[in-house]
Amino acid sequence: MGGYKVNMSTLDRFEIHEHDVLVIGAGGAGLRAAIEASANGVSVGLVCKSLLGKAHTVMAEGGIAAAVGNVDKQDNWQTHFKDTMKGGKFLNNYRMAQLHAQEAPERVLELERWGALFDRTSEGTILQRPFGGHSYKRLCHVGDRTGLEMIRTLQDKGVHMGINVYMECTITRLLKEDGKISGAFGYWRETGRFVIFKAKAIILATGGVGKAYKVTSNSWEYTADGQLLAYDAGAELIDTEFIQFHPTGMIWPPGVIGILVTEAVRGEGGILRNKDGYRFMEKYDPERMELSTRDVVARSIYIENKEGRGSPHGGAFLDISHKGAEYIKKKLPSMYHQFKELADVDITTGPMEVGPTCHYSMGGVKVDADSTATSIPGLYAAGEVAGGMHGANRLGGNSLSDLLVFGRRAGLYAAEYAKKNKATLNINEDEIANAEKSIVVFFEQDGGENPYTVHRDLQELMQNKVGIFRVEDDLKFAINELKSLKERAAKVKIEGSRMYNPGWHMAYDLQSMVIYSEAIAKCALQRKESRGAHSRLDYPNTDPEHGKWNSLVKKANDGSLIVEKSPLPEMPGELKQLLEDKKVAAKI
Amino acid sequence: MSTTLTEKPRKKESFGATQRKDLWWFEPLVYAVGFGLFIIYATWAAFQGKHYEYGPYLSPFYSPLITVSWWKFSPAFLILWIPAGFRMTCYYYRKAYYRSYFMDPPACGVSEGCSNKKYSGETAFPFIFQNLHRYFLLGATVLLFFLWSDVIKAFNFDGRFGVGVGSLVLLANTFLLSMYSLTCHSFRHLIGGYKDGFKCGYQYNFYKKISCGNERHMFWAWVSLFMVGFADLYVRLCSMGIWADIRLI
Amino acid sequence: MNKEESQSQISSGDKKVRIATFKVYRGDREKGNEVEYKVPVEEGMVVLDAIHYIQKNISPDLAVRWNCKAAKCGSCSAEVNGKPRLMCKTRLDDFDINEEIKVYPMKSFPIIKDLACDVSWNYEVNKKITPFTPKENTTWKMNQRDIDRVQEFRKCIECFACQNVCHVIREHDLKPKFAGPRFFVRVAGLEMHPLDDVDRLEALKDDMGIGFCNITKCCTEVCPEDIHITDNAIIPLKERVVDRYYDPVRMFFRKIFKKK
C-alpha cells in the first residue's frame, strides 16, 4: 500500500512517502486510528518517535474504564458519563464525554476479539476493578499491565493490515496547501536525514507534555510536539492549564523519583497514611477515601506534607500489605517487582512511600467531538494530544478508553476525508527549506548552551512555579522566565553529527515544550479559581462563573501566544437531566 | 527505521570470549564433573555383573533382574538403556550437557569460538532423537513399578516385616526417581499441556500440581541421580562385605 | 578508608561523593571504541541514570534508546558487564563500584550508533506469524485458569534480550531460519489461547525453526519479566510439534483415522 509515483523535481534530494492518511504517534490512539483508517480502505502511514510498541501507553497500568457491567450489573453509560463530567468538574466537552461513555464498552470487547486477554470473572467475562471517581467497579484490566496488553494487541492487529510503519522518525512540521493539510516534514532519528510525507489527512496522536516537569511519570517522548505542530499550523489549543498530578509516584530513592505507582493499588484496597499512621483521606474525602479523584488525593498528600505530617522523603505511605502476599503478586505483579528491584521495598510486608508526579495533560488541541477534526481541514487529533474530553481532571482508566474511542473515530473520519479529497498534493519548496533550516540551525550557532541544561531549568521552573499549587506572582514570574528560556532554547548548540544524536533531538523537542509551557502558565493565570487539577492558592474556591468557559490558546499573526475564553457548548436537555441527579449535585 | 543496515560478517571470537566478570565457567564445570563421576561409576557398576543383591535388597541398576541364558553380558545392560535414555533425552539434562560437554553454548553470553561451525540443533541426527523423550518416559514408568516392588521386598526379611538402612535407602531412591518422572516435561504435556482449555477441574488441578513440580525438575534430576548411584553403592558394598547393613526393626 | 576506596571518592563540599567508572562503547558499524566516563553515584541509581548523566553533562550525542525508565517498555536493553539487561533496572549496587562497569550495545544486532542497534529483523519475524483468529460462534467466555498460561507470555515487553543472548542467533547467526525465543513466546500465547482457531505447528517446525533451540535456557535467565520462556513456552511447543511430526504412534493413528 501507499507506493504512489511521486514527481520529484527539486525536491528529489528528499526521501518522499505518500499516503492517504498519515498517523503521527503509535500509542493506543495512533494505532487504533491507523487500524480504523486502514480498515476503511485507504493507505496508511504510521510515524513514531520510538520503536513500535514502546509508546507511553505501555505505562498505563490500572485498566480501561468501560461500563460493560460485568461486575456491577447496574453500571451503564449514563453513570460513566456522569462520573466523567463530575470528575472533570463539568468543564468537559459534553459530547466527547457522552461518546466516550457510550462507545467504550464496544471498544474493549473489540480488543478481546483481536486477542487481548483481560482478567476474568468467575463467569468467564471480563473482570472489572474499582478506581478513583468511578461509581462502580468499571476498569477492565490485566493485572497491572493493561496498557501493555492494549498496545501489543493493537500492534499485532496493525502489522497484519498492511500499515506502513515508520519507526524512530520525528515530524517537525505540518505542510499545508490552500489552508488544507498536504503532508508533513520530519527527520529520521537514526540517520538525521530528512523525510517528507505527502498525505491528504493527518492524525495527531502524540501524547502529552509531562517532560516539561521535573517529577514526572512521562517518558522523553512527552514533549508536546503534536500540540505544537497543530498550533504552528494554526489550530487552537484548549484547557492547557489542567495538568494532572498523579497522587502516587515513587519518591525514593532519587533515581526513581516520579515513576508511577498505579492507582490500582488503591483500587485493590491500598490505604494512605501520614507519618503518624493516620489515614488522612478521612479528613479530605470521608466518603470516597483513597478512591477520591486524583486531584483531591494529590492535593491531600501535598497539604499533609506542608503541615509537617509527610513521610521522610516528602510524600505519604501507601499500604497494601494487608491484602496478603499471594493476592498482591497476582493482581499487582509489576508494582511488586518495581518496588522490590528499584527501592528494596517489599510491598507485601510494608508500605510504599509515594508522592505526586506529573502524569497527564487534560488540555490539548481543540477538536470536534464526533470527528476529532481540528480547525484545519485534514488535521485530526486523538488521545492525550487532544483536549476537551476530560475537562479539568481526568478519571483514572478514562485515558485508555479515550484512546480507543477517539482513536477509532479519528481513523474513520480521516479516511472518509481522504477519500473525498482527490486533489493532487503539491509541496511548497520554500516551506520545506524553512523547515529544514529550523532544525539544522542548532549545529551552526556558536556559543549556545547544552540543550539539557535549558531543559533542566525549564523543568525546575514548571515544577516550582506552575506545579500543583499556583499563585499569581509565581505564574507571572514563570511567564517572564519562559521568555528567556525560549530565547535560550532557540540558541542551543549541538555537538556531533546528525546520526542518532539525542542532544539534537532534545534541542528540537525543547522548542515545543517551552511554548506549550507558556500556554500552561498563561491559561493558569487567566483562570482565577481552583477547579480540578488547577489549584490557585490565591483563589481557593471553585467559581461557577468560571465553569462556563474553556481556555483557548491561539497563535497570533505576529507569532505570539494569546489566550482567550471560549464559552462551553450548550448541553442538550437529556444530558443535563442526567447530571441533575441529586446525589451528583451534592458532591460537586 | 529508514535504512536497512547491511550485515557484515561477524568477527570470529575465540572460545570463551566474554565481558562477563563472574565465574561463568563454574556451573558447567560442576555439572561436567558431576555427570562424569556418575557415568564412570555407573559403567563400572554395570560391567561388574555381580554384587547387585544383598538379602532382600536389589540394586536399582539391575532391576528388574533379567537373567537369560543367551545374554552373556551383565544383566544391567538389558535394562539400563531405559533410564539412561530417559535422562539423556530429558529437557533438563539436555540443557546441562549441551552446555557442559558440547559448549553449545558454554554459558550465556560466552562465545563458542566456532561461529562457522555447522549447527543444526535438534533438527538433524543425532539430536533429532531427543523428540522421543516421551517413550523413554514410558519405559522409565514401567521400571518404576519394578522398583516399587523391590522396595516392598526390601521390607520383607525372610517372610517377616523388617526395616534395615538399606530398605530406607531403596525407598528414598524409588521415591526420588518417581518424583523425577512425575515432574518430567513430557509428562506435563501428556496430562494437560496439549490442551488449550480445561473443561475438567480434576485434570486442571493435576496439571497445575505437575507444572508446579516441574519448576523444580532440575532439583529432582540431581538428587535422584545421586540417590540411585548411592543405592547401588550401598547394596554393592553390603554384598561385597565392605559395609554391614544395619537392621533397625 | 583504604586506598581503593579513596580512589572512587571525591570531595564535593562537605559531602563525599562516590564515583563510578563506566566504559561505554562509542561508535558505529564501521568503527568504535570504549570511552571511559566518571559518574557520581546516587542512592538507588541504575545504569540508565548513569548514561543519562553522561548525556546531560559530558556527551550529549551518546545514542541510547529508552522510554519508560520503569522496566515496562523494554527499550533500554544493553550488555552490562557482558550480560544482556535492561539498563533501567540494573542497579549500581549490583556491582563493585571500585571496578569499571562496561556498557555495550546488544551483540546480536547490527549497531546503529553507540548503544542503539538495529532490531528491525525482529519486527519482520513478527509480521510472519499468523495472527489471532477466533473460533466461530464463540461466546467469548473464558476461565481465568485457562488464560493464566497465556497471560504469562503476554507480559513480554519486547526488550529482545532473549533474542540477543540466544546462541542460535548470537553465535550461529541462523536468523533467517530461526525466529528466536521472543517469537516462540508469542506463538505460545496464540497456540494456547483458548479461543484461537489456527494451527501454527507446521510454521513452528519449518519456518520458525523451533528445532534449532537446544533449550539451554539463556533466554529464561535474562528475561526481565521473569517469563519462564523455556519451560512454559518453548518446551510445551516442542512437545506439540512432537505430537504432530515425531511421535510414531500418533502419526500411525492419524494415518489410520485420517485425522490431521
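Quick notes on this structure:
- 15 Å beta-carbon shell around residue B:77, net charge (K/R +1, D/E -1): +1
- Sparse-neighbourhood loop sites, GluC sites (Glu not before Pro) in segment C:133-234 - DSSP loop, at most 10 other Cβ within 10 angstrom: C:136
- Over chain B, the pair-distance histogram of Cα-Cα distances with 10 Å bins from zero comes to 7, 24, 28, 22, 13, 4, 2, 1, 0 percent, rounded to whole numbers.
- Relative to the longest principal axis of the Cα atoms of chain A, helix A:502-526 runs at roughly 60 degrees.
- Take every DSSP beta bridge whose two residues both sit in the protein assembly as shown; close to 75 percent of them are antiparallel.
- Between helix C:47-57 and chain C: long-axis angle, C-alpha atoms, 0 to 90°, nearest 10: 50
- For segment A:291-302, the Karplus equation 6.51 cos²θ - 1.76 cosθ + 1.60, evaluated at θ = phi - 60°, returns couplings of 8, 5, 5, 4, 4, 5, 5, 4, 5, 4, 4, 4 Hz by residue, with Gly and Pro reported as x.
- Applying a DSSP loop filter and a limit of 15 other Cβ atoms within 10 Å to the chymotrypsin sites (Phe, Trp or Tyr not before Pro) in segment B:43-135 leaves B:70, B:71, B:73, B:101, B:102.
- For a label point 7 Å along the Cα-to-beta-carbon line of residue A:303, residues of segment A:69-89 with backbone N under 19 Å: A:87-89
- Working from the Cα coordinates of segment A:250-357, the gyration tensor eigenvalues give, after taking √(5λ), semi-axes of 21, 16, 12 Å in decreasing order.
- Straight Cα distances below 14 angstrom link residue A:137 to the aspartates and glutamates A:72, A:75, A:83, A:119, A:263, A:268, with same-chain residues fewer than 8 positions distant left out.
- Theoretical ellipticity at 222 nm over chain C - DSSP helices of four or more residues, -39500 (n - 2.57) apiece, nearest 500: -8000 deg cm²/dmol
- If only the Cβ of Lys and Arg carry +1 and only the Cβ of Asp and Glu carry -1, the dipole of segment A:250-357 around its Cα centre is close to 80 debye.
- For the segment A:499-509, counting C-beta atoms of other chains within 10 Å of every residue's C-beta and taking the mean gives 5.
- Dipole orientation for chain A: of the candidates A:502, A:428, A:317, A:317 has the Cα lying most toward the positive pole (charges on Cβ; Lys, Arg +1; Asp, Glu -1).
- Note that chain C, at 4 °C in a medium of 1.567 mPa s, gets a Stokes-Einstein diffusion coefficient of 62 µm²/s from its Kirkwood radius over C-alpha pairs.
- Computed P(r) (all Cα pairs; segment A:114-270; 10 Å bins; percent): 8, 25, 31, 25, 10, 1
- Whole-number D in µm²/s for segment C:120-257 (Stokes-Einstein; Kirkwood sum over Cα pairs; 4 °C, 1.567 mPa s): 82
- Unpaired Cys in chain C, meaning no second Cys C-beta under 4.7 Å: C:76, C:88, C:117, C:156, C:159, C:166, C:213, C:223.
- From the C-alpha gyration tensor of segment C:16-117, square roots of 5λ in Å: 20, 16, 13
- Shielding of peptide A:358-370 by partners, expressed as the average count of other chain Cβ atoms within 10 Å per residue Cβ, is 0.
- Antiparallel DSSP beta bridges within segment C:16-117, percent to nearest 5: 85
- Total lysine pairs under 20 Å (Cα atoms) in segment A:436-502, excluding pairs fewer than 8 apart on one chain: 9
- Hydrodynamic radius of the protein assembly as shown per Kirkwood, over alpha carbon pairs, in Å: 31.7
- Using the Cα coordinates of segment A:41-138, the gyration tensor eigenvalues translate into equivalent-ellipsoid semi-axes of 25, 20, 14 Å, sorted from longest to shortest.
- Other residues whose C-beta falls under 12 angstrom from the C-beta of residue A:281 contribute a net charge of +1, scoring Lys and Arg +1 and Asp and Glu -1.
- For chain A, a Kirkwood hydrodynamic radius built from all Cα pairs, placed in the Stokes-Einstein relation at 25 °C and 0.890 mPa s, yields a translational diffusion coefficient of 102 µm²/s.
- The Cα atoms of segment A:175-268 cover 51, 34, 24 Å along the three principal axes, with the biggest extent listed first.
- Across C:141/C:177; A:211/A:275; A:157/A:198; A:330/B:95; A:330/C:56, pairs whose alpha-carbon gap is larger than 32 Å: C:141/C:177; A:330/C:56
- Shape summary of segment B:141-193, radius of gyration then Dmax from alpha carbon positions: 13.9, 45 Å.
- Relative contact order [Cα under 8 Å, 6+ residues apart], chain B, whole percent: 27
- Candidates per trypsin sites (Lys or Arg not before Pro) in segment B:44-130, loop by DSSP, up to 15 other Cβ within 10 Å: B:50, B:72, B:117, B:118
- Between helix C:235-245 and chain C: long-axis angle, C-alpha atoms, 0 to 90°, nearest 10: 30
- Here's how it looks for residue A:183: its modeled amide H is under 5 Å from those of A:175, A:199, which are all 5 or more places away or on a different chain.
Laboratory data are not the source of any read-out in this text; all were calculated from the coordinates shown. The structure displayed is predicted, hence computed values, not measured ones. For neighbour counting, all protein chains shown are included, and Cβ atoms are generated from backbone atoms with ideal geometry for every residue, glycine included.
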